[in-house]
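Asker: Have a look at this one before I ask anything.
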Amino acid sequence: MRKLFLLAMISLVCTGAMAQDEEKEKGNKPVFTTIKELPITSVKDQNRSGTCWAYSTLSFFESEILKKTGKTYDLCEMFIANKDYMERAVLTVRMHGDSQFAQGGSAEDVLDVIKAHGICPETAMPLPGTMQGDSLANFNEFFSVLEPYVDAIAKNKAKKISNQWKVGLQGILDAYLGKCPESFEYEGKMYTPQSFANSLGLDWNDYVSITSYTHHPFYTSFAVEVQDNWRWGQSYNVPMDEMMRIIDNALDNGYTIAWGGDVSEDGFTRKGLGILYDTKAAQSLSGSDAARWLKLTSSEKKTKLDSLGVNAPEIVPTQEYRQEGFDNWELTDDHGMHIYGLAKDQNGKEYYMVKNSWGEYGDYKGTWYMTKAFVAGKTMDFLINKNAIPKDIRKKLGI
């Protein structure tokens, strides 16, 4: 009887502790108030394809069109991918395989493709995945065919290769992505991809890339040294505080941002948050001293950090923090998304509202809330309308 009584008491204590933990976690859950929300088009799903760069940048341009003309468009990611992969393969072959051929890319890819080839609406090509009987993009089989093909040509031992490899490659691209139209009808009018791009009301020369690192001089431009910047697109280099001023000024004046950065950190949660966790400071808040913390698995640590929610302590990023992260591979080129607004939580902390391309996933149906510290610390670069940049910074950049 005594044993049963002890077991019952232990059970009550454990249940009470669990209830307290659940209540504490519930209290830490963010409650957001929107400060500024700019118009965006519907959330898309890139599914099993490494095309975030195409989805995020076209989403950005769709918002640019909305701002300029009030019209809503659904631009075609697979048109961009078809043209871009051919051009990337040409460079890879030209470099005898010493340039990486992969699914990823950058905002610069989208802008360059539109300038060179135009664009079409989603309806002018087969929907993503449908060429292989899927309902969404799935590049697993596609790239298992495409990558070895490009590699075989790029590393061929022949003294001379023919142009027929391009015909074969185009056949693979068209088979999985659909053939890019030479002309199409849209809302009762006939267009070519070039004339359609010209009809959208944007000046494609208005767009510039911004970054912030100290291994190049500020107020100059350079190609950010990451593999997916294979076109060596130039970014203007500004101090971190000015980089953040540009984002805030853009939102204040009705401009959105095509963002590229690092989402590999624990603070980028699957629930829809981006927080620059200060792990050391979080140890005591999570009820774990250093010795206990070290014994936890990565999954257990992440669970404890996530449970802190809006009360999770954050690193205060500096210019040195950004540079060190870039040089030691902690700040990586992972993902492209679309910043379109600003919100604050119940503690008054501000977060950028960011449209993702994973469908209506997470607690906020496709939107991520990323703190300003997270964006300052984990931005690789971003594409923006040059008119969104504060005048004093534009003057320093000469644009």
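Asker: Using only alpha carbon pairs under 8 Å that are at least six residues apart, calculate the relative contact order of the chain and give it in whole percent.
Answerer: Values: 673 pairs, mean separation 95.1, N = 399.
Relative CO of the chain lands at 24 percent.
Asker: Between helix 240-252 and the chain, what is the angle of the helix's C-alpha long axis to the longest principal axis, kept within 0 to 90° and rounded to the nearest 10?
Answerer: Once rounded, the angle reads 80 degrees.
Asker: How about region 150-235: which trypsin sites (Lys or Arg not before Pro) there lie in a loop by DSSP and see at most 16 other Cβ atoms within 10 Å?
Answerer: Working: sites: LYS155, LYS157, LYS159, LYS160, LYS166, LYS179, LYS189, ARG231; in loops: LYS155, LYS157, LYS159, LYS160, LYS179, ARG231.
Those satisfying the criteria are LYS155, LYS157, LYS159, LYS160, LYS179.
Asker: Under the rule of -39500 (n - 2.57) per DSSP H run of 4 or more residues, summed and divided by the residues of the chain, what mean residue ellipticity at 222 nm is obtained, to the nearest 500 deg cm²/dmol?
Answerer: Numbers: 14 runs with 170 residues, N = 399.
Calculated at 222 nm, the ellipticity per residue is -13500 deg cm²/dmol.
Asker: Let me ask something else. Please give the helix 140-154 orientation as an angle from the longest Cα principal axis of the chain, in degrees from 0 to 90, rounded to the nearest 10.
Answerer: Roughly 50 degrees between the two axes.
Asker: Step through the residues of region 177-191 one at a time and calculate ³J(HN,Hα) from phi using the Karplus curve (6.51 cos²θ - 1.76 cosθ + 1.60, θ = phi - 60°), rounding each to whole Hz and writing x for Gly and Pro.
Answerer: Karplus values, whole Hz, x for Gly and Pro: 9, x, 7, 5, x, 7, 8, 6, 9, 9, 6, x, 10, 8, 9.
Asker: Where does helix 2-28 land angle-wise versus the long Cα axis of the chain, in degrees 0 to 90, nearest 10?
Answerer: 40 degrees
Asker: Another question, then. For the peptides 54-67, 96-109, what is the packing order when you average, over each peptide's residues, the other Cβ atoms within 10 Å and list the highest mean first? Working shown, then result.
Answerer: Details: 54-67: 24.6, 96-109: 19.4.
Ranked from most to least packed, the peptides come out as 54-67, 96-109.
Asker: Further, regarding this structure: Using a Förster distance of 45 angstrom, determine the FRET efficiency expected from the C-beta separation of GLN346 and ASP203, and round it to 0.05. Can you show the working numbers first?
Answerer: On the way: r = 42 Å, r/R0 = 0.92.
The computed FRET efficiency comes out at 0.60.
Asker: Please go through the residue pairs LYS344/LYS378; LYS68/LYS349; LYS71/LYS179 and name each one whose alpha carbons sit more than 24 Å apart in this structure. If you can, show how the numbers build up before the last one.
Answerer: On the way: LYS344/LYS378 19 Å; LYS68/LYS349 31 Å; LYS71/LYS179 26 Å.
Table pairs above 24 Å Cα-Cα are LYS68/LYS349; LYS71/LYS179.
Asker: Multiply the residue gap between SER299 and LEU91 by 0.36 nm, knock off their C-alpha separation, and tell me the result in nm, one decimal place.
Answerer: 70.8 nm
Asker: Also, I was wondering about something else. Testing the spin-label approximation: label points 7 Å from Cα along Cα→Cβ at GLU147 and ILE399. State their distance in nm.
Answerer: 3.3 nm
Asker: So between ASP248 and ASN311, what do we pick up on full extension, going 0.36 nm a residue minus the alpha carbon distance? Present the calculation step by step, with values, prior to reporting the outcome.
Answerer: Details: separation 63, 0.36 × 63 = 22.68 nm, distance 2.36 nm.
20.3 nm is the gain from fully extending ASP248 to ASN311.
Asker: Counting only residues 5 or more places away or on other chains, whose amide H sits under 5 Å from the amide H of ASN138 once H atoms are built in the peptide plane?
Answerer: GLY129
Asker: May I ask you to compute the full-extension gain from THR69 to ASN328, defined as 0.36 nm times their residue separation minus their alpha-carbon distance, rounded to one decimal in nm? Mind showing how you got there, number by number?
Answerer: On the way: separation 259, 0.36 × 259 = 93.24 nm, distance 4.38 nm.
Answer, rounded to one decimal: 88.9 nm.
Asker: Would you mind telling me the share, in percent, of accessible area of the chain contributed by carbon and sulfur at probe 1.4 angstrom? Write out the running numbers ahead of the final one.
Answerer: On the way: 10150 of 19300 Å².
Result for the chain: 53 percent of the exposed heavy-atom area is carbon or sulfur.
Asker: Name the residues whose placed amide hydrogens come within less than 5 Å of the amide hydrogen of LEU273, ignoring near sequence neighbours (fewer than 5 apart) on the same chain.
Answerer: TYR369
Asker: Quick one: which residues, 5 or more positions from HIS335 or on another chain, have an amide H under 5 Å from its amide H? H modelled 1.01 Å from N in the peptide plane, none for Pro or chain starts.
Answerer: GLY261, VAL263
The values are calculated or read from the model by the stated rules, or taken from the named source; none is laboratory data. None of these values were measured; they are calculated from a predicted model. As a convention, Cβ positions derive from the backbone with ideal geometry for all residues, glycine included, and neighbour counts pool all protein chains shown. For accessibility, only protein heavy atoms count, side chains too; no ligands or nucleic acids. Shrake-Rupley method; radii C 1.70, N 1.55, O 1.52, S 1.80 Å.
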